[in-house]
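**Student:** Handing you this structure, nothing more for now.
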Amino acid sequence: MEMETRMKKRIRVEANTEPSESPFEALSEEILFLILDLLDSNPLDKKSFSLVSRSFFAVEARHRRSLTPLRPELLPFVLSRYNSISHLNLTLCPYLSDASLSSIASLLGPSLRSINLSGSRSYSHRGIESLANKCFNLEEIDVSNGVELTDEAAAAIGRMSKVERVRMGRCKKVTDLGIGCIAVCCPNLKLLCLKGCVGVTDLGVALIAVKCRKLRSLDVSFTMITKKCLPAIAQLPNLEDLCMTGCLGINDKALVTLKQGFKSLQALDMSNCQNISQASVSSILQKNPSLHHLNLSYCSPVNSMLSGLHGVFKLNSIKLDGCHVSTDGLKSLANSCISLKELSLSKCSGVTDEGISVIVAKHKDLVKLDATCCRYITDLSLAAITSSCASLVSLSMESCTKVTWEGFRLIGRHCPKLEELNLTDTDLDDEGLTSLSQCQNLTSLKIGICLKITDEGLIQIGRSCPHLQELDLYRSIGITDKGVSEIARGCSNLETICMSYCTSISDESLKCLSNCARLNTLEIRGCSLVSSVGISAIAARCCNLSKLDIKKCYEINDAAMLSFARFSHNLRQINLSYCSVTDVGVSALASISCLQVVTMLHLSGMSADGLAAALLMCGSLMKVKLHVSFKPFISPVLINRVESRGCMFQWLNKPFQVQLESSEVWKQQSHDIFVE
Amino acid sequence: MKQIIGEPGIDLSSDSKMDLKLTRNSESFHKPNSSNHNLNSFNQASQYFPNLSPTNFLSRAENLQQNLKTKSTNSFEPNLNSGMATQNPPLDWDPHAMLSNLSFLEQKIHEVQSLVQSIIDQQAEFSSRPSELATRQQLATADLTCIIIQLISTAGSLLPSIKNTLLSNNPALRQLVNPDFNNNLKCEGLIRNFPETARNSEYEDLLRNLDNEADWMKEPNPLPQSDIVDANPIDEHDLKESDDGDAEREHLPPGSYIVLQLEKEEILAPHTHFCVICGKGFKRDANLRMHMRGHGDEYKTPAALAKPSKEPGSDVHPVTRYSCPFVGCKRNKEHKKFQPLKTILCVKNHYKRSHCDKSYTCSRCHAKKFSVIADLKTHEKHCGRDKWQCSCGTTFSRKDKLFGHVALFQGHTPALPMDEVKASGSGQGNDDMTEDLGGYNGNFASEECLTSMDVKGIDESRAYFSPMNFDGFGALDEFGRGGFDLEDNPFAFIPSGFGQRSGDS
């Protein structure tokens, strides 16, 4: 935003010197709007657009509908420029006072349709009240994480009579009374999220169900609701999406005795409802033939979830993560569902080759299969999957340690549509990787903790998977600069790469990766060969970089921080523990205007004063992790000051540990845990 | 009655019914208005009893009388009644045995007579030795008890269906043996209807005579009361006490229970159990029994202290229901849709609530009045604590009631408690706001912002909550503090990942 204001000044100067000579002036506003419509993908494009001329600048301002400001204190200026904003996302403004909200309300007024306050703190019900008074067209409000908001805030939301979507997750102080106000005053409510509102009970939820008949989506996860409110919810005529994650008050009795209802329900999430079992599942499915999505993750650690299921269901997707699923259960699931598209069996115990074979033989349209940590499946399963599910798009087989290179070869040969593949912690080798390179549509490839792979396989991937956006090479220690360079060359769309503990990686890799202009997440934790030179190259050329982990890159020093401060205006999150950064670097880092999360442990060159200066300077901080030894040296006044801006401190007491653990030992340890 | 007598075709129309009313009021002692003294050994027997002065007897053994009066009338009198009818056709009894029984009775009565005579003779001596007097008196009482038992068993032998179980099952007889027994039931009136046939008129006489023996007093009811009677003595019902005797719910068929009606004075009397020795009154029989211990060692025996209703034979009580003495009340037995009351307590509460002045006033609101003190106490527990308020001003003592109200009426919203509004809504809040502005004075808190601040909204919010009652303010303090401490993690039960913002990693 600062940059923008600077540019604005510059434009004004230009406009004064050469008035209306520009050929761009000939373009009508409609045409410019059409052009702007096509510029949605990259935020930087619009910035460039508005720099063309004064009229372009004005048109861009009028065209813009949504805004995500970085600093609340600049809001009055920004909003006076963009006065037709209808969607305001304030998640990057952790400190947002009531005064800011009331100024937003008066500046935008009726044009505001949607506001997101979920990342903000320090505002109260008064701010929401001013929104309710001025922005009477508000349709959507997100006050999630407003842990200090009370019933009055909910009552204020209730006064926005046109509001349709309300998200108030984790508003722990809101009780039934506040929810009651919303229920009575917002008859148009279509979406309500009460996730983690522990003050809300059956009474409030039942009142919502009675009063808001247009409700389509309801999230009552992690609340204390019991079966008492279920009949009312079940009577909602338009309810399509119901999320009851972690509702421990919901049990079999509640669901089985429910006579009718949920007629329009399409998606039901009952994950972590630990008091329900197979009886509820079949009861729900039989009553709701239109149900498409069902999530039963971590529902029942002991019971077999599916055995005894009979009937014909239209289920498209089912998630059974963490449940005990027997072969019989998978058989009855396969027989009772018409066409499954998505199946998640992550961390399910009891999944065997037979079970997988039965499912995939029946459901050839399977698009997404998650078999994470199904440790008993072997190449047989893979043979069944690859032979019948040609349209598979996403496959996760993390820690399926019994699968061998032959299985991986089958994936490459038979699944050309595969886009997401997770083979973390498997026996994948170069041969398998070479075979996988036949999946040319891959966008996400996770091959961490595959100790057998080397540059040879990775080069093949780099050459044949141009769409790759995400690559995870965590602790795959066979990888060197050569492989990464090939990836950087071939996969120019790369956005996320993790090379943590790939100790052979050096500056050379990073220099190559700097060609990937879209790179936004880089993790090179423990790559001790990397120095400021490499990381500066990244900083200079990857301007979208927002997440960076350079922990234990001992060679990185203040020079890298200075280049971040200069180039990385989008950096949100950084971990620079153990780096050779001093006060200079830290204060340079603090000048990045949108930095939110910083972890700074064991920075030998950083003093308490330098830290204090940095903390004071960096206004957008939301979370700072520091070593507890710094705590006595920083004045409590300063800490209060920073905290009042919306920043959280986390004081850690981790011991100083220079030595890196060998990856072989690490993998061995992780396997020992499995055996137990 | 039909079943018991076993005679079909007895006319049960109202004019053929006869009521008997028993009373313990010794002052209103009357002879029965019917002059049938054409019987029998009972009259003879009764002549022995006048030797004891009725008042003496009453003062000394009121309990005993009560037992006789209530219990005997409840269950075994009809038996006697039918059994002793001379013209009763079922002659399956032995007149010889009867004669020997009667002569035994006669002999026994003579013994008691002489015993009592001796007490009178030696009264002067006894004044110095009261314990001996007590012994004699006990002896006389025991003898009398024996006579009555004998009498009843003799009479009972006339009725084949009852005679075998009579003694073993009749608690009244057992209670007679225990002179301390104080019956809970102190009913003034027992209403019975009998078919008035030639035969049955003798039953009444017999019954009255027996009442005379047992009671020393009798007031035949001058008003023939038409009502229910059926002494089906083995009808077992769940005798749960409910506050107002919900006979509606139990749906006893009319006639399957006995109806008792207490007089107004009795209902309103504070005490219902009186010491036969000193006359002290008690609310509870148990208290009386404890009190009786002070009157001598004979009241300290386990039998005397035992709870009388625990006796094994007590489970054959006929189902008893109560009528309210207030004529015209639905609970009065003459009401067309009569709904009987279940227990004495129900009678008392009903009578006080419905037909008495409400003399207890709530000390908090000075508005609510009650006639039953327990009701006042219940009300005072909640008075002024209706913290759940609707926007329409109605208050509720329970949250679910408020939500039911809000769900029912369009446009009504739950009102928020006052302390929240006051704590965060007014002065302190505004200070916060100006402080906020100070923080960003340089670039944000322009004059425009200050004027745009929504002070109006805050005022409105206050007005919105204004109907709230400030009186209960102190009590509401705890309410707003939901107790969600930031330091505590109320999500400890949530596995992982929840609540993490996507930006964090």
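The values are calculated or read from the model by the stated rules, or taken from the named source; none is laboratory data. Note that the structure is predicted; figures quoted are calculated from it, not measured. Backbone-built Cβ (ideal geometry, glycine too); neighbour counts: all protein chains shown. What goes into the accessible areas is simple: the full protein's heavy atoms, side chains included, and nothing from ligands, DNA or RNA. Shrake-Rupley method; radii C 1.70, N 1.55, O 1.52, S 1.80 Å.
**Student:** For the range A:199-214, list whatever residues lose no less than 40 Å² of accessible surface once every protein chain is in place, relative to that chain by itself, with the probe at 1.4 Å.
**Tutor:** Residues of the range A:199-214 that lose at least 40 Å² of accessible area once the other chains are added: A:L203, A:L207, A:K211.
**Student:** Which value, in Å³ per residue, describes the convex hull spanned by the Cα atoms of the range A:130-273?
**Tutor:** Hull volume over Cα atoms, normalised by residue count, gives 83 Å³.
**Student:** Regarding the range A:40-103, what are the three Cα extents along the principal axes, ordered largest first, in Å?
**Tutor:** Rounded to whole Å, the extents work out to 36, 22, 18 Å.
**Student:** Moving on to the next point. Provide the net charge surrounding A:D425, with neighbours chosen by a C-beta distance below 10 Å and charges set as Lys +1, Arg +1, Asp -1, Glu -1.
**Tutor:** +1
**Student:** Given the options A:V220, A:L340, A:Q650, identify the residue whose Cα lies farthest towards the positive end of the charge dipole of chain A (+1 on Cβ of Lys, Arg; -1 on Cβ of Asp, Glu).
**Tutor:** In chain A, that residue is A:V220.
**Student:** With each run of n ≥ 4 DSSP H residues scored as -39500 (n - 2.57), what mean residue ellipticity at 222 nm is computed for chain A after dividing by its residue count and rounding to the nearest 500 deg cm²/dmol?
**Tutor:** Mean residue ellipticity at 222 nm (helix-derived): -10500 deg cm²/dmol.
**Student:** For chains B and A, what's the summed buried accessible area, probe 1.4 Å, to the nearest 100 square angstrom?
**Tutor:** Looking at B and A, the buried total is near 4500 Å².
**Student:** Still on this structure, please answer the following. Size of the dipole of the range A:597-659 about the Cα centre, Lys and Arg at +1 and Asp and Glu at -1 on the beta carbon, nothing else charged, in debye to 20?
**Tutor:** Computed charge dipole of the range A:597-659: roughly 140 debye.
**Student:** Within a Cβ distance under 11 Å of A:L380, other residues only, what is the Lys/Arg minus Asp/Glu net charge?
**Tutor:** Net of charged neighbours comes to -3.
**Student:** While we're here: Given a 1.4 Å probe and the protein chains all in place, what does the accessible area of A:S264 round to, in Å² to the nearest 10?
**Tutor:** 30
**Student:** Let me ask something else about it. Computed over the Cα atoms, what is the radius of gyration of the range A:125-199 divided by 2.2 N^0.38 Å, N being its residue count?
**Tutor:** 0.94
**Student:** Considering amide H positions built from the backbone, and no H for Pro or chain starts, which residues 5 or more places from A:T426, or on another chain, come under 5 Å of its amide H?
**Tutor:** Placed amide hydrogens put A:S399 under 5 Å from A:T426.
**Student:** Then there is this: With the Cα gyration tensor of the range B:279-416 in hand, give its eigenvalues times 5 under a square root as the equivalent ellipsoid semi-axes, listed largest first in whole angstrom.
**Tutor:** They are 44, 22, 17 Å, listed largest first.
**Student:** Something else about it: Say the dipole of chain A comes from +1 at the beta carbon of Lys and Arg and -1 at that of Asp and Glu; which of A:V174, A:S290, A:N441 then lies farthest toward its positive end?
**Tutor:** Value: A:V174.
**Student:** For the range A:82-150, build the charge dipole from Cβ charges (+1 Lys, Arg; -1 Asp, Glu) around the Cα centre, then report which of A:H125, A:N145, A:L96 sits farthest towards its positive end.
**Tutor:** Farthest towards the positive end: A:L96.
**Student:** To the nearest 20 debye, what charge dipole does the range A:207-307 have about its Cα centre, counting +1 at the Cβ of each Lys and Arg and -1 at the Cβ of each Asp and Glu?
**Tutor:** 460
**Student:** Then there's this: Kindly tabulate the residues in the range B:371-408 with an accessible-area decrease of at least 10 Å² between the chain alone and the assembly of all protein chains, using a probe of 1.4 Å.
**Tutor:** By number: B:W388, B:K399, B:D400, B:F403, B:V406, B:A407.
**Student:** Principal axis extents for the range A:413-554, Cα atoms only, whole Å, descending order, please.
**Tutor:** 43, 26, 21 Å, listed from the longest principal axis down.
**Student:** Taking the Cα centre as origin and putting +1 on Lys and Arg beta-carbons and -1 on Asp and Glu beta-carbons, what dipole magnitude results for the range A:221-280, to the nearest 20 debye?
**Tutor:** 280
**Student:** With equal scatterers on the alpha carbons only and no solvent term, can you work out the Debye log10 of I(q)/I(0) for the range A:212-364 at 0.10 1/Å?
**Tutor:** The computed values of log10 I(q)/I(0) come out as -0.31.
**Student:** Starting from the Cα coordinates of the range A:508-642, work out the convex hull volume and express it per residue in Å³.
**Tutor:** Expressed per residue, the convex hull around the Cα atoms of the range A:508-642 is 80 Å³.
**Student:** Okay, moving on. Once Rh is set to the Kirkwood radius over Cα pairs, what Stokes-Einstein translational diffusion coefficient, in µm²/s, holds for chain A at a temperature of 20 °C and a viscosity of 1.002 mPa s?
**Tutor:** 77
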